[in-house]
Each structure stands twice: as C-alpha cells, then as structure tokens.
Amino acid sequence: MSDVQLHPEQADGAKAVLYLQFCIGEQRFALDVRGVIEVLPRRTLKPIAQAPAWVAGILAHRGALVPVVDLSALSFATAAPLRTSTRLVLVHYRGDRQLGLILEQATDTLRCRADEFQPYGLDNTDAPYLGPVRQDARGLVQRIEVDDLLADDVRQLLFPEQPGQVPA
C-alpha cells in the first residue's frame, strides 16, 4: 500500500487482522487490508454513461481499466468530499478483479480480531456489504464486505463477461 502511514492499534492475540479505517460523514468503517491492493490519492476518472451516480468512473492504472465506486455516494447518496484525506483504494473484488473505492479519511488503521465485529441485528438486504460492527472507545466501527458491494446488474455493467469467462 502506498501514500498511507500505517499506525495500527495494538490488540492482544496472534489472530489480529489489520483493517484500513475510513469515514463516511461522521460514521467509521473498516476494510480488511488483506483485500487491499494499493492506496492512492484521489485521481481524475473517466465517467461511465448510464451508470448509477455512485459509480465514480473508470481509472486507467498500471495497464488495467479499474471501475471506481464512491462508497459515500453508494451508502448515503452523498459524494465523498474533496479532501486531502480522501483516498482511492484499489481492492480485490471477487477473486482476481480490481475495484476502486473512494474513501473519506482513509488514513488510519485498526488491528483487532475478526470476531470482535458482531452482527447488529438488522438484515439490510439493500446494503449487504455493510457487515458486523465493533465497539471501541471512539464508538462503533462497521466492517465493509467488498465482495458484496455490487448488485448483479451493476457488476455486469462494470465487469462485462468475456467469451469463455466464468461469471463472478
């Protein structure tokens, strides 16, 4: 990962996982860094016609075209603000695909055990990517499940199947 200083909190136990923390408005979220490819400053993107408003566009990066989603716009219908702490995070999506995420205040990390995140009792079928929550001294932090970010129709728009390719 580049362009981010990692300052993990200490957690007991050898099974701790490192998470990239970010915010959407005042709410905190966490992304497992094992799925992160690279953390970049925000970049200019090529818009995609007829895509949902929360699809920020396409990034040409290291010879690949990477679709980018504004997670703030997806979750709360408000685009991420243009701040120096807003990052473009490239992640693995459903195996070997790359997906870009625009994340606010993506500058800190959290180290904890995965089982410290607990279900919060709501079945949010409209946002299956919103995973369990963890409470700490600063309040609640919610884990994001990257592979559940895109509905089937948007996934087909952003990742059209090639002949002979197995669907994701």
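The values are calculated or read from the model by the stated rules, or taken from the named source; none is laboratory data. Only a predicted model underlies this, so the values are computations on that prediction, with no experimental measurement involved. Because the Cβ atoms are built from the backbone with ideal geometry, glycine has one as well, and the counts that use them run over all protein chains shown.
Does residue 51 fit the bill of being surrounded by fewer than 18 Cβ atoms within 10 Å (Cβ to Cβ), on the phi < 0 side of the Ramachandran plot, touching a Cys at 6+ places or on another chain (Cβ under 8 Å) and not acidic (Asp, Glu)? In short, no. Quick test of your reading of the structure: residue 107 fulfils all but one of (1) in contact with a helix residue (DSSP H, G or I) (Cβ under 6 Å, 6 or more places away or on another chain); (2) within 30 Å of residue 47 (Cβ to Cβ); (3) not in a loop (DSSP other than H, G, I, E, B). Name the failing condition by number. Unmet for residue 107, out of (1) in contact with a helix residue (DSSP H, G or I) (Cβ under 6 Å, 6 or more places away or on another chain); (2) within 30 Å of residue 47 (Cβ to Cβ); (3) not in a loop (DSSP other than H, G, I, E, B): (1). Annotation: residue 124 fulfils all but one of (1) out of contact with any strand residue (DSSP E or B) (no Cβ under 8 Å at 6 or more places or on another chain); (2) modelled with pLDDT under 90; the unmet one is (1). Within the bounds of segment 120-139, is there any residue that is over 18 Å from residue 35 (Cα atoms), in contact with a helix residue (DSSP H, G or I) (Cβ under 6 Å, 6 or more places away or on another chain) and touching a residue at least 12 places away in the same chain (Cβ under 8 Å)? Yes, the conditions are met somewhere in segment 120-139. Of the numbered criteria (1) without any contact (Cβ under 8 Å) to a residue 60 or more places away in the chain; (2) closer than 22 Å to residue 17 by Cα, the one residue 85 fails is (2). If you filter segment 54-75 down to residues that are without any contact (Cβ under 8 Å) to a residue 40 or more places away in the chain and under 18 Å from residue 142 (Cα atoms), you find that the one that is surrounded by the most Cβ atoms within 10 Å (Cβ to Cβ) is 70. Scanning segment 46-90 for residues that are part of a loop (DSSP other than H, G, I, E, B) and more than 27 Å from residue 109 (Cβ to Cβ) yields a count of 9.
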